[in-house]
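Quick notes on the structure that follows.
The values are calculated or read from the model by the stated rules, or taken from the named source; none is laboratory data. Keep in mind that this is a model prediction, so the values were computed, not measured. A quick note on method: Cβ atoms are made from the backbone with ideal geometry, for glycine too, and the neighbour counts reach across all protein chains shown. Side chains included, ligands, DNA and RNA excluded: accessible areas come from the protein's heavy atoms. Shrake-Rupley method; radii C 1.70, N 1.55, O 1.52, S 1.80 Å.
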Amino acid sequence: MKEIQENKVQGKQTEHIGKTEHIEQTEQMQEKVKVEKQDKQNQNSLGKKQRKILALLLACILGIIAPFAFNTKMKIQHYSLESEKLTAPVRIVLITDLHSCSYGEGQRELIDAIHAQKPDIILLGGDICDDKLPHRNTELVLRAIADKYPCYYVTGNHEYWSREIEKILKIFQSYNVPVLEGSFDTIDVRGQKLNICGISDPDILKYTDKNYSITEQLKDAAVASENGNYTILLAHRPELIDSYLNYDFDLILAGHAHGGQWRLPGIINGLFAPNQGFFPRYAGGKYRFEDSCMIVSRGLARESTRIPRIFNRPELVVIDLS
């Protein structure tokens, strides 16, 4: 009997201890949950602050970079080349991809820049007119330069896309600007002779009745080099360089690529160019080959392009030969 009573007492004590331990465990768990909840709230609060600070920093960086990244003010891009075929300096101004864009009232910004360079020759490398914008801005430029400098012109793809190619050709001819189409002219500058050769844009076959391919035009134009003079090829498309290099051109001038539209100077020369695709090899700049050199202008297009230029200012190219 005594043992039974002792067992009952012992059982009650065990039960009491169990309840106490359970209460303590519950309280500990509640405290743990409370602490974790507070930590989470603190982390969320810190995360919000960090995000706000990061957003502010990004906004500041963009605010600093944007004026440079989206700057479309025209720049003058200079290149220099030497040749044993030349005995005196020659300055060429290369204009490409104007697309009839505006450069101030009366096109004064562009015209004044051209005059300031005092060129010996002006070469117009295609897409001077556009397929959407009116041709008036182009005419204003031609009116200002055609009587002052020897000028030569080749077509670009947009001039054919306009479906007004005959009208456009008549505009250039009305200002006595020769249209080079598988042809050349030999010009005298300071007592030395240079050959200026030119070919049409390949779209001549698609948008006109002419059956004069680029291969045939190159062959006909390249005859000029046989006279031994310094020979320049003016062509719109740089991606056809392998075809150009089959002939003896000392200098090849092109445009069309618009500088790859988006650039990261020193990292990416261009993001995308027509007929070259992403990361174009010939987006803009000077490219040397074994017996020749190609200069690709990033062009002067501004409002005619739907995609903005980034770190890719429109340019007037000046080439000094000596």
TODO: Using only alpha carbon pairs under 8 Å that are at least six residues apart, calculate the relative contact order of segment 86-205 and give it in whole percent.
DONE: 24 percent
TODO: Above 14 angstrom, tally the Cα pairs of segment 92-176 and express them as a % of all pairs, no decimals.
DONE: 59 percent
Task: Surrounding net charge for L81, when Lys and Arg each add one and Asp and Glu each subtract one, Cβ distance under 9 Å - done: -2
Task: Cα centroid of segment 67-125 to Cα centroid of segment 249-322, whole Å - done: 14 Å
Task: Backbone N within segment 140-154 under 19 Å of label point (7 Å from Q173 Cα along the Cβ vector) - done: 142-143, 146-147, 151-154
Open item on the list: Can you tell me, using C-alpha contacts under 8 Å and at least 6 residues apart, the relative contact order of segment 204-263 as a whole percent?
Closed with: 30 percent
Open item on the list: For segment 158-266, which trypsin sites (Lys or Arg not before Pro) pass both filters: DSSP loop (anything but H, G, I, E, B) and at most 16 other C-beta atoms within 10 Å?
Closed with: R163, R190, K210
- [ ] With a 1.4 Å probe and every protein chain left in place, work out the accessible area per residue of segment 102-147 in Å², rounded to a whole number.
- [x] 41 Å²
- [ ] Could you work out the local net charge near G228, counting Lys and Arg as +1, Asp and Glu as -1, over the other residues with Cβ closer than 13 Å to its Cβ?
- [x] -2
- [ ] Using θ = phi - 60° and the Karplus relation 6.51 cos²θ - 1.76 cosθ + 1.60, list the HN-Hα couplings for segment 158-169 in order, rounded to whole Hz, with x at every Gly or Pro.
- [x] 5, 5, 6, 4, 5, 6, 10, 4, 5, 4, 5, 4
Task: Per-residue ³J(HN,Hα) for segment 229-235, Karplus 6.51 cos²θ - 1.76 cosθ + 1.60, θ = phi - 60°, Hz, x for Gly and Pro - done: 6, 4, 10, 10, 9, 9, 9
Task: Rg to Rh, two decimals, where segment 61-214 supplies the alpha carbon set and Rh follows Kirkwood - done: 1.01
Task: Measure of compaction for segment 173-285 (Cα Rg per 2.2 N^0.38 Å) - done: 1.19
Task: Cα-projected label distance for E226 with N246, points at 7 Å along beta-carbon direction, nm - done: 1.8 nm
- [ ] Compute the relative contact order of segment 178-292 as a whole-number percentage, counting only Cα pairs closer than 8 Å that sit 6 or more residues apart in sequence.
- [x] 18 percent
Open item on the list: Under the rule of at least 5 residues apart or a separate chain, name every residue whose amide H is placed under 5 Å from the amide H of T155.
Closed with: D201
